[in-house]
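In what follows, a structure is listed as structure tokens, so that the remarks can point back to it.
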Amino acid sequence: MRIFFKTRNLLLLMAMCVMPLASFAQIGVGVSIRVGPPALPVYEQPPCPTEGYLWTPGYWAYGPVGYYWVPGVWVAPPRVGVLWTPGYWGFAGGVYAWHAGYWGPHVGFYGGINYGFGYGGVGFVGGEWRGGAFAYNTAVVHVNTGVVRNVYVNRTVINNTSIVNHTSFNGPGGITARATAQEQIAMREQHFQPTSNQFSHEHTASQDRTQWASTNHGTPGTPAMDSVNGRRFNQQGRIAQGVRSGELTPHETANLEHREARINHEVAADRRANGGTLTPNERGRVEHQQNQASRKINQDKHNNKTEGRAER
């Protein structure tokens, strides 16, 4: 009997050790999640950084810290010709279970969840493989046409280019969608697990407190990124909520970023000229410039709130 229990515990330990490699964002052995994931946050998509990258939408994962947001990100697929089927939460039998995402020749069932940017709940309309190159539908996805040349426009598809708060799980109380016959066929095709970059991306998010639902209350600090370990697309996420939110417009954000860059450049030049430190006069000038920038931000936000009330 003692040998049996030792063997069982050893097998359980081995299963727990290999789980992160075998299942993407899966909950631990023996854990039942009885509280559903938060609604999908509002955010905009950063432009595709390079040819061949595919968009993988953000999602709520679960770990020892509870739910945490894994930013939407552009990633390199494991091979030519495959598409990403996003993971999704399903509610059944009183518990929430995660169905891991995967790569495959066709997009399978992902719970009917509207992740936006071409993932409207069924299939993917953000682009397609044409031979050995991926073509991007710019009616749906955001690309920098100065970098990405292989594009087309298909406006007959649902033009959902931003996420709005909505239910993030399938099942009673959520999205009541079932797999179509075509999705069932896609689910039986050969699949490829997420890439090492995707695993790393999820792990990084799990360590960032600003991504934890317990900290951000459904509004993650970084909703999207242009690439794994790349640029955090958080300011643009706030812009996606529009003028009525009282936040900055894209033009105001560009001015702010330019002003900050100029101040930082002047500070660096002053420090170099003074052996790595600032004189009292230089510190005063920097503080004055920063105070001016803060006042400008607050004034822009006040104006936007006023405009928002006027629109109503």
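The values are calculated or read from the model by the stated rules, or taken from the named source; none is laboratory data. Everything numeric in this text was worked out from a predicted model, so none of it was measured. Virtual Cβ from ideal backbone geometry, glycine too; neighbours counted across all protein chains shown. Quick note on the areas: whole protein, heavy atoms, side chains included, nothing else; ligands and nucleic acids left out. Shrake-Rupley method; radii C 1.70, N 1.55, O 1.52, S 1.80 Å.
Key figures for this structure:
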{"read-out": "Cα-based shape type of the range 120-159, given that a ≥ b ≥ c are square roots of the gyration tensor eigenvalues and the cut on a/c is 1.5", "value": "oblate"}
{"read-out": "Computed label-point distance, nm, for sites residue 147 and residue 184 using a 7 Å Cα→Cβ extension", "value": "4.2 nm"}
{"read-out": "Accessible surface, per residue, of the range 93-201 when the full set of protein chains is kept, probe 1.4 Å, Å²", "value": "50 Å²"}
{"read-out": "Cα-centred dipole magnitude for the range 50-186, charges only on beta-carbon of K, R (+1) and D, E (-1), debye, nearest 20", "value": "120 debye"}
{"read-out": "FRET E, pair residue 209, residue 35, Förster distance 22 Å, beta-carbon r, rounded to 0.05", "value": "0.70"}
{"read-out": "Förster-model FRET efficiency, 25 Å R0, residue 128 and residue 231, C-beta, rounded to 0.05", "value": "0.45"}
{"read-out": "At R0 = 22 Å, FRET efficiency that the Cβ-Cβ distance of residue 92 and residue 217 yields, to 0.05", "value": "0.25"}
{"read-out": "C-alpha center-to-center spacing [the range 74-101, the range 171-224] in angstrom", "value": "6 Å"}
{"read-out": "Rounded if a/c under 1.5, otherwise prolate or oblate - the range 53-110, Cα gyration tensor axes", "value": "oblate"}
{"read-out": "Chain lengthening between residue 154 and residue 80 when straightened (0.36 nm per residue, less Cα-Cα)", "value": "24.4 nm"}
{"read-out": "Tensor-based shape of the range 101-209 (alpha-carbon gyration tensor, a/c under 1.5 rounded, otherwise prolate or oblate)", "value": "rounded"}
{"read-out": "Portion, in percent, of the accessible area of the range 46-148 that falls on carbon or sulfur, probe 1.4 Å", "value": "57 percent"}
